[in-house]
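The values are calculated or read from the model by the stated rules, or taken from the named source; none is laboratory data. The shown structure was predicted, so the numbers you read here are calculated from the model rather than taken from an experiment. In this analysis, Cβ positions are derived from the backbone assuming ideal geometry, glycine residues included, and neighbour counts consider all displayed protein chains. Ligands, DNA and RNA are excluded from the accessible area calculation, which covers all protein heavy atoms including side chains. Shrake-Rupley method; radii C 1.70, N 1.55, O 1.52, S 1.80 Å.
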Amino acid sequence: MKSYDVIVIGAGVIGSSVAFHLAELGAKNVLVLDRETIGAGTTSQSSGILRTHYSVRENVELAQRSWSVFNNFASYLGDEEASCGLVKCGYLITAADDDKLEPLRGALAQQKAQGIALELLDAAQARELLPIASFDNAALIGYEPEAGFADAYLVATSFARGARRRGVTIRENVNVQRLLIDNGRVTGVSTSEGDYHAPVVISTQNIWTPELAGWTGVAMPVVPERHAVLALECDAAPYTYSMPVFKDLASPGMLYCRSYGGNQMLVSEGIVGEALQKSDAEQGDIPLDYVAEVGAQVADRFPAYETAGLASSWTGVYDVTPDWNPVLGRVPGVQGLIVGFGFSGHGFKLSPTVGRVLAQEALGLATDVSLTPYELGRFQRGALLTGKYGLGAVS
Ligand SMILES: NCCCC(=O)O
């Protein structure tokens, strides 16, 4: 079987980004393997939100660097046909006078100190941007103009195309069945179509990372968690593309919303979801009670949505770690193995930079940002990266 310099497992948005950056940084002989097709797993379920708002300082930097890629996507890829489907509508976040207020104030100040363009708005200014919402209970409102949303599937396929054009081999519908390890060092992978050899393997297996734990005997703290997304339609108050993405820390479910299709509202809760026994990106049931519960929260903030209809709904599965932040870097005890997993529902917005730093690490180059805060050992050391709003996909 053929030998490669680096093998990447998984061609979702993270794996495709890793592959692109490996080639861009000069790797000549790279193989990517995916059990299905490029971007077909959890990537295609992403809500696509792009923001640099985080309460964890390290995440702000990953998101900030990534935003500049999304904002110049075609030139970054050197492909004038490439598009990430960016809708640059900005990001509005609010808290009421409750336990989220001071964490929000702190996160906004920290973002500002990190050079993020940010404005503090009063309710009237917020209503100019998002006239379908009421801001009666808003004690603090932050606005990030350089933010919005994009299409994660388009990004994954564009990175994959860029990787292929630079000589990377991407093989779809190939299932990796185990790692080949000799004397504590990776030597390749065994797959449904035979063995492939490489001294470096990068796993971007997302919700399938528990398989890697089984192959290596190294604990990988990650749980697949299902989340539901609703698309609501309200003729009296369409959520247009010019209206910002909105994060409502004052709602019980810490809702996030954005325009969907230019007139509907995509909405979901930003809290802990349904843990699954088995990794599986299949669609799950969305109980009517859940729709009613989220609908009531939406109507509290968007009064006209009291009479909104449910246009569509779907589920997405997150690879959730104990602190809702990713694990990036080498796996102690298995030389040559690098991982990127545990994105906990906010990996898309970080994907360009994560792909680049994992590629840098694999090639023995200095990484643009330190991977130390994200290393696997943080869970044992108790150096968690938990966000200040608690568990959920804000971090
Ligand atoms: N997967 C949901 C991400 C929501 C957010 O970026 O706030």
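By how many degrees, 0 to 90 and rounded to 10, does the Cα axis of helix 288-301 deviate from the longest principal axis of the chain?
60
Please give every one of the lysines within straight-line cross-link reach of Lys88, meaning a C-alpha to C-alpha distance under 25 Å, and leave out same-chain neighbours fewer than 8 residues apart.
Reachable lysines: Lys112, Lys247, Lys349.
Karplus couplings for the stretch 80-97 from phi (6.51 cos²θ - 1.76 cosθ + 1.60, θ = phi - 60°), rounded to Hz, Gly and Pro as x?
In residue order, the calculated couplings are 5, 8, 6, 9, 9, x, 5, 10, 8, 10, x, 9, 10, 9, 9, 10, 8, 7 Hz.
Quick one: pull the percentage of alpha-carbon pairs in the stretch 271-342 with a separation above 16 Å. Provide the component values of the computation, followed by the final result.
Numbers: 1697 of 2556 pairs.
It works out to 66 percent of all Cα pairs.
In a Gaussian network model over the chain where Cα atoms closer than 10 Å are linked, find which of Pro326, Pro287, Pro145 has the largest mean-square fluctuation.
Of Pro326, Pro287, Pro145, the Gaussian network model singles out Pro287 as fluctuating most.
Multiply the residue separation of Glu128 and Thr386 by 0.36 nm, subtract the distance between their alpha-carbon atoms, and state the gained length in nm to one decimal. Walk me through the numbers before you get to the answer.
Values: separation 258, 0.36 × 258 = 92.88 nm, distance 3.33 nm.
Full extension of this stretch gives 89.5 nm more.
Once you have the Kirkwood Rh of the stretch 65-113 from its Cα pairs, apply Stokes-Einstein at 37 °C and 0.692 mPa s and quote D in µm²/s. Could you put the intermediate results ahead of the total?
Numbers: Rh = 13.5 Å.
This corresponds to a translational diffusion coefficient of 244 µm²/s.
What distance in nm separates the simple spin-label points at Glu36 and Asn263, each placed 7 Å from Cα in the Cβ direction?
3.0
On the Cα set of the stretch 111-164, report Rg and Dmax in Å, please.
Radius of gyration, then largest Cα-Cα span, for the stretch 111-164: 16.9, 51 Å.
Taking 1 over the mean of 1/r across every pair of different Cα atoms in the stretch 1-146, what Kirkwood radius in Å do you get? Could you put the intermediate results ahead of the total?
Values: mean 1/r = 0.0556 Å⁻¹.
Here the Kirkwood hydrodynamic radius works out to 18.0 Å.
Over the heavy atoms of Tyr260, what accessible area does a 1.4 Å probe trace out, to the nearest 10 Å²?
That residue has around 80 Å² of solvent-accessible surface.
Within the stretch 220-291, which GluC sites (Glu not before Pro) sit in a loop by DSSP and count at most 14 neighbouring Cβ atoms inside 10 Å?
Numbers: sites: Glu225, Glu233, Glu269, Glu274, Glu282; in loops: Glu269, Glu282.
Sites meeting the loop and neighbour criteria: Glu282.
What are the residues whose amide H is under 5 Å from the amide H of Lys100, where those residues sit 5 or more places off or on another chain and H is modelled from the backbone?
none
Quick check: with the 1.4 Å probe, what order do Arg258, Arg166, Arg178 take by accessible area, largest first?
On the way: Arg258 20, Arg166 80, Arg178 120 Å².
Of Arg258, Arg166, Arg178, the descending order of accessible area is Arg178, Arg166, Arg258.
At q = 0.11, 0.18 Å⁻¹, what base-10 log of I(q)/I(0) does the Debye formula yield for the stretch 132-261 when every alpha carbon is treated as an equal point scatterer in vacuo?
One equal scatterer on each Cα of the stretch 132-261 leads to -0.70, -1.11.
What is the angle, in °, between the Cα long axis of helix 13-24 and the longest principal axis of the Cα atoms in the chain? Nearest 10 is fine, range 0 to 90.
So the helix axis and the longest Cα principal axis differ by about 50 degrees.
Using a probe of 1.4 angstrom, how much of the accessible area of the chain is carbon and sulfur, in percent?
Numbers: 7230 of 15020 Å².
Of all accessible area on the chain, carbon and sulfur atoms account for 48 percent.
Nearest 10 degrees is fine. How inclined is helix 57-71 to the longest principal axis of the chain, computing both from alpha carbons?
Approximately 90 degrees, to the nearest 10.
Once R0 is set to 45 Å, what does the formula 1/(1 + (r/R0)^6) return for the Cβ-Cβ distance between Leu120 and Ala311, expressed as a FRET efficiency to the nearest 0.05? Mind showing how you got there, number by number?
Values: r = 34 Å, r/R0 = 0.75.
It comes out at approximately 0.85.
Enter the accessible area per residue of the stretch 210-303 (Å², integer; probe 1.4 Å; all protein chains in place). It would help to have the intermediate numbers written out before the result.
Values: 3960 Å² over 94 residues.
Per residue, the stretch 210-303 has an accessible area of 42 Å².
Consider a paramagnetic label point 7 Å from the Cα of Asp98 along Cα→Cβ; state which residues of the stretch 121-141 have an amide N under 13 Å from it.
Output list for this probe position: 137-139.
Distances over 27 Å make up what percent of all Cα-Cα pairs in the chain?
On the way: 36618 of 77815 pairs.
Beyond 27 Å sits 47 percent of the P(r) for the chain.
What is the ratio of the Cα radius of gyration of the stretch 76-177 to 2.2 N^0.38 Å, with N the residue count, to two decimals? Intermediate values should be presented prior to the final figure.
Details: Rg = 19.8 Å, N = 102, 2.2 N^0.38 = 12.8 Å.
With N residues counted in the stretch 76-177, Rg over 2.2 N^0.38 Å equals 1.55.
Per residue, how much accessible area does the stretch 1-89 show when a 1.4 Å probe rolls over the protein heavy atoms, in square angstrom? Numbers along the way, then the final one.
Numbers: 3000 Å² over 89 residues.
I get 34 Å² per residue for this part.
Identify, among Ala366, Leu376, Asn206, the residue whose Cα sits farthest towards the positive end of the charge dipole of the chain, taking +1 on the Cβ of Lys and Arg and -1 on the Cβ of Asp and Glu, with the dipole about the Cα centre.
Ala366
Distances longer than 14 Å among the Cα atoms of the stretch 309-395: what percent of all pairs is that? Before the final figure, lay out the partial values.
Details: 2510 of 3741 pairs.
Summing the P(r) of the stretch 309-395 above 14 Å gives 67 percent of all pairs.
In whole Å, what three semi-axes, largest first, describe the equivalent ellipsoid of the stretch 1-79 built from its Cα gyration tensor (square root of 5 times each eigenvalue)? Before the final figure, lay out each step's value.
Numbers: eigenvalues 129, 53, 31 Å².
In descending order the semi-axes read 25, 16, 13 Å.
To the nearest Å, what is the center-to-center distance of the stretch 12-75 and the stretch 227-282, using C-alpha atoms only?
Each part reduced to its Cα centre gives a spacing of 22 Å.
Quick one: accessible surface of Arg57, probe radius 1.4 Å, all protein chains present, in square angstrom to the nearest 10.
Rounded to the nearest 10, the figure is 120 Å².
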